[in-house]
């Protein structure tokens with residue numbers, strides 16, 4: 001098992017697919033609408049870690065995510081990478097993660113980067129606060145499908161632009177869990 005992990009690490013370092021790019025816009029304009037366009041322009045390529053000035057490309061393979069990870073956990077059915085605490089979306093401090101199901105090839109591209117926003121009361125508060133921040137930054141959501149579950153808001157809020165989607169979702173599985181997901185808009189990608 002240790003040999004397999006070492007082999008994956010070596011292949012990750014030697015892989016020729018793009019993993020990060022210096023062709024991004026940052027710092028952003030002070031003009032609200034120009035800033036909105038700059039952020040969406042970056043997101044069409046990948047997710048910009050503003051504090052590190054690194055753009056993780058959507059074309060990056062799972063092998064290449066090892067370059068960006070602080071912690072990696074291999075489980076029976078998945079591999080999870082914790083990318084650390086980073087500023088994204090004009091200064092939002094996030095705790096980013098990437099997950100690969102075991103059945104997917106290591107050469108597949110990353111299609112989504114996510115963050116757990118928390119559970120129950122704190123998760124719901126973070127969910128609603130982030131909705132306001134993203135709405136102020138990128139405009140009104142393209143889709144809102146929410147319902148009340150006691151005092152909690154569950155469902156999905158989405159912003160889409162081109163081949164990219166940002167979504168906030170809340171689900172109830174033994175407790176109320178909230179996530180931020182940024183990635184490729186699979187519906188739009190099928191149209192292209």
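The values are calculated or read from the model by the stated rules, or taken from the named source; none is laboratory data. Note that this is a predicted model, so its numbers are computed, not measured. Here the Cβ is made from the backbone with ideal geometry for all residues, glycine too, and neighbour counts use every protein chain on show.
Taken over the stretch 8-27, the criterion of being modelled with pLDDT under 55, surrounded by 17 or more Cβ atoms within 10 Å (Cβ to Cβ) and not in a loop (DSSP other than H, G, I, E, B) is satisfied by 12 alone. For the condition at pLDDT below 95, touching a strand residue (DSSP E or B) at 6+ places or on another chain (Cβ under 8 Å) and not in a loop (DSSP other than H, G, I, E, B), residue 5 qualifies.
For residue 30, the conditions (1) at pLDDT 95 or above; (2) touching a strand residue (DSSP E or B) at 6+ places or on another chain (Cβ under 6 Å); (3) part of a loop (DSSP other than H, G, I, E, B) all hold with the exception of (2). Per this entry, residue 54 is counted among residues that are over 15 Å from residue 112 (Cα atoms) and touching a strand residue (DSSP E or B) at 6+ places or on another chain (Cβ under 7 Å). Among the criteria (1) part of a loop (DSSP other than H, G, I, E, B); (2) at pLDDT 95 or above, the one residue 178 does not fulfil is (1).
Check the stretch 143-156 and report whether any residue there is closer than 24 Å to residue 40 by Cβ, at pLDDT below 95 and surrounded by 12 or more Cβ atoms within 10 Å (Cβ to Cβ). No: zero hits.
Just give me the residues in the stretch 73-131 being surrounded by fewer than 18 Cβ atoms within 10 Å (Cβ to Cβ) and assigned to a loop (DSSP other than H, G, I, E, B), in sequence order. Those that are surrounded by fewer than 18 Cβ atoms within 10 Å (Cβ to Cβ) and assigned to a loop (DSSP other than H, G, I, E, B): 75, 76, 77, 91, 102, 103, 104, 105, 106, 107, 108, 111.
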